[in-house]
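Okay, so here's the structure we're looking at.
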Amino acid sequence: MKSKVFTPKQMDERLARFEELKPTQKAFVDSLIPGMERDVFTVIGSGVTEDINLSPAIKAVEGFNVTYIGANAEKGASLHSHDTVEVFFAMSGNWEILWGDDEEHRIELNAFDLVSVPAGVMRSFRNIGKEYALMMTIVGGTDAGRVIWPSEVLDQARKTGLDLDDEGNLLE
């Protein structure tokens, strides 16, 4: 049996070259909270981003979304959850994944370590290394849904000038 025919032009639409990815620093409502600054690269699908203007490098979404996160030392993301599984894969550096309603649990990831956080579990992450590092996140589902933020995070975000509309899209 022969495989599906796929042209080089069709494959080009499914190629993401890191050097061509353009990060954003405002993909999420917590982006301006001190310590939560990070670069977000949308690679496959839009993921759970709250910025409706972001366009992924690969638009074909077939059951999962991929995002790269880049952060300086001691930077990361606020406590949040998803209605889907989220996989964290440390591409470089050292990362801390925290989970629980009060971030009472933690795992340290070194380069090439991976953890899969179940749907509905509150989680956060930060670069605990000394240099800028990259991490890949994979969120399950063709429709990755929205981020679920604790009210405390939303209150902090509003003080920075960012908020969400009724559909969960970023407002400045």
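The values are calculated or read from the model by the stated rules, or taken from the named source; none is laboratory data. These numbers come from a predicted model, not from an experiment. Ideal geometry is used to build each Cβ from the backbone, glycine not excepted, and the neighbour counts take in all protein chains shown.
A few comments on the model shown:
- Of residues in the range 121-172 being charged (D, E, K, R) and assigned to a loop (DSSP other than H, G, I, E, B), the one surrounded by the most Cβ atoms within 10 Å (Cβ to Cβ): Arg146
Residue-wise test of (1) surrounded by fewer than 17 Cβ atoms within 10 Å (Cβ to Cβ); (2) of a type outside the set (S, T, N, Q).
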{"position": "Phe6", "(1), (2)": "yes, yes"}
{"position": "Met11", "(1), (2)": "yes, yes"}
{"position": "Lys26", "(1), (2)": "no, yes"}
{"position": "Asp30", "(1), (2)": "no, yes"}
{"position": "Pro34", "(1), (2)": "yes, yes"}
{"position": "Glu50", "(1), (2)": "no, yes"}
{"position": "Thr67", "(1), (2)": "no, no"}
{"position": "Ala73", "(1), (2)": "yes, yes"}
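- Residue check: Glu62 meets all listed conditions (1) part of a loop (DSSP other than H, G, I, E, B); (2) buried (at least 16 other Cβ atoms within 10 Å of the Cβ) but one, namely (2).
- Test: Ser55 is in contact with a Phe, Trp or Tyr (Cβ under 9 Å, 6 or more places away or on another chain) and either polar (S, T, N, Q) or not in a strand (DSSP E or B) (or both): no
- For Asn94, the conditions (1) of a type outside the set (Lys, Arg); (2) more than 12 Å from Met136 (Cα to Cα); (3) modelled with pLDDT under 95; (4) buried (at least 17 other Cβ atoms within 10 Å of the Cβ) all hold with the exception of (3).
- Taking the criterion of being of a type in the set (A, V, I, L, M, F, W, C) and assigned to a loop (DSSP other than H, G, I, E, B), the residues of the range 1-33 that qualify are Met1, Val5, Phe6, Leu15, Ala16, Leu21, Ala27, Phe28, Val29, Leu32, Ile33.
Every residue, every condition in (1) in contact with a strand residue (DSSP E or B) (Cβ under 7 Å, 6 or more places away or on another chain); (2) small (Gly, Ala, Ser), yes or no:
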site	(1), (2)
Gln10	no, no
Arg14	yes, no
Glu19	no, no
Thr24	yes, no
Ser31	no, yes
His105	yes, no
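- Selection from the range 77-120 of residues that are in contact (Cβ under 8 Å) with a residue 60 or more places away in the chain and assigned to a loop (DSSP other than H, G, I, E, B): His82, Asp83, Thr84
Results for (1) touching a Gly at 6+ places or on another chain (Cβ under 7 Å); (2) of a type in the set (Gly, Ala, Ser), shown as yes or no for each residue.
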position: Phe112; (1), (2): no, no
position: Ser116; (1), (2): no, yes
position: Ala119; (1), (2): no, yes
position: Arg126; (1), (2): yes, no
position: Lys130; (1), (2): no, no
position: Trp149; (1), (2): no, no
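- Out of Ala119, Ala133, sole residue that is among the aliphatic types (A, V, I, L, M) and closer than 14 Å to His80 by Cα: Ala119
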